[in-house]
Amino acid sequence: MTLTLHEPAPAKAPPAAPGECRGRPARSGSVVLRVLTYCGLAALAVAVVYPLCWMALSGLKTNGEIFSDPWGLPAHPDWGTYADAWHQGVLGYLLNSVLVTAASVLAVVLISAWAAYGLTRLAMPFSQPALLLVLGAMMLSPTVALVPLTQLLQALHIYDTYGALIVLYTAFKVPFTTFLIRAYLLGQPVEVEEAALIDGAGRRQIFWRVVVPMARPILVSAALLQALFSWNEYAFALVFITDGHLKTLPVGLADMAGRLNSDWPVLFAGLTIAALPMIVIFLVAQRHFVRGLSEGIGK
């Protein structure tokens, strides 16, 4: 009998852990991707912030400095240009824009929130045709209706008044805002509202005490979108307002540019003053704005 000795087979190496050699290429790739993402975001931030800083600094220069060294810093900053812009009419234009914007934002948010609540929570007849009507209204272009709108506003005796802009800004933005708030409410639980209804709360109480607090992010987003539209709108403010004391910032600044006779520092100062309110409001409410849009439009 012959005995054959077999050498034991070499033990297989254990699989590499996720953090060992096999994971190094993936880790290095994720680092590169992160660095590229940060570089892209930094470039985007510079592209957005730099024009604003350049505009603000140009308001501190002289006309000669703006043309001889447009990208440099002001040699002797002159803050008096901001005071000149303020007294050239920016104060009045600013107050007009604040009034029109605040009124239209309040009207749009309230009307749209009520409409969205009814479309999502109430068993109304013809709710689907109403929703289709809302969607159809979003397709209307405001500029194609300038002539009939002029006749309508004159018939209502609100032409060349604050009311003309407030009504138009509200009417043309209610459909989109209703659709936005409706999409957000569809993703919210109804159990809290049903519990409040069982406890004896009415529909109005449920709306103000339950729905509005739950929908705060989307309401803030809708308010900011409406504020940006009303603050920067030009066509309606140019056509439907002829009184110089009622002009809003976009039209007023264009009129001021013609009156200043190429006094660019004062014009840049006025543009900076006009941009500051929206920048501050957005920075204060950006958390609710991003959350509301992501949860509303994303549905």
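Which pairs have Cβ atoms under 6 Å, sit 6 or more apart or on different chains, and link a residue in segment 57-73 that is among the hydroxyl-bearing types (S, T, Y) to one that is surrounded by 10 or more Cβ atoms within 10 Å (Cβ to Cβ)?
Pairs found: S58/I66; S58/F268.
Would you confirm, using the coordinates I've provided, whether T150 is open to solvent by 40 Å² or more (accessible area, probe 1.4 Å) and touching a residue at least 40 places away in the same chain (Cβ under 8 Å)?
Working: open to solvent by 40 Å² or more (accessible area, probe 1.4 Å): no; touching a residue at least 40 places away in the same chain (Cβ under 8 Å): yes.
When the stated conditions are applied, T150 does not pass them.
Quick one: M124 ticks every box in (1) farther than 22 Å from L152 by Cα; (2) touching a helix residue (DSSP H, G or I) at 6+ places or on another chain (Cβ under 8 Å); (3) at pLDDT 85 or above; (4) not small (G, A, S) bar one, so which box is it?
Unmet condition: (3).
If I ask for residues that are assigned to a helix (DSSP H, G or I) and among the aromatic types (F, W, Y), which ones from segment 146-174 would you list?
Looking only at segment 146-174, we keep the residues that are assigned to a helix (DSSP H, G or I), and these are 146-155, 162-174.
Of everything in segment 146-174, those that are assigned to a helix (DSSP H, G or I) and among the aromatic types (F, W, Y) turn out to be Y162, Y169, F172.
The values are calculated or read from the model by the stated rules, or taken from the named source; none is laboratory data. Note that the coordinates shown come from a computational prediction; the quantities given were computed from them, not determined experimentally. So basically every Cβ, Gly included, is an ideal-geometry build from the backbone, and we count neighbours across all protein chains shown. To get the accessible areas, we keep the full protein, side chains included, count just its heavy atoms, and leave off ligands, DNA and RNA. Shrake-Rupley method; radii C 1.70, N 1.55, O 1.52, S 1.80 Å.
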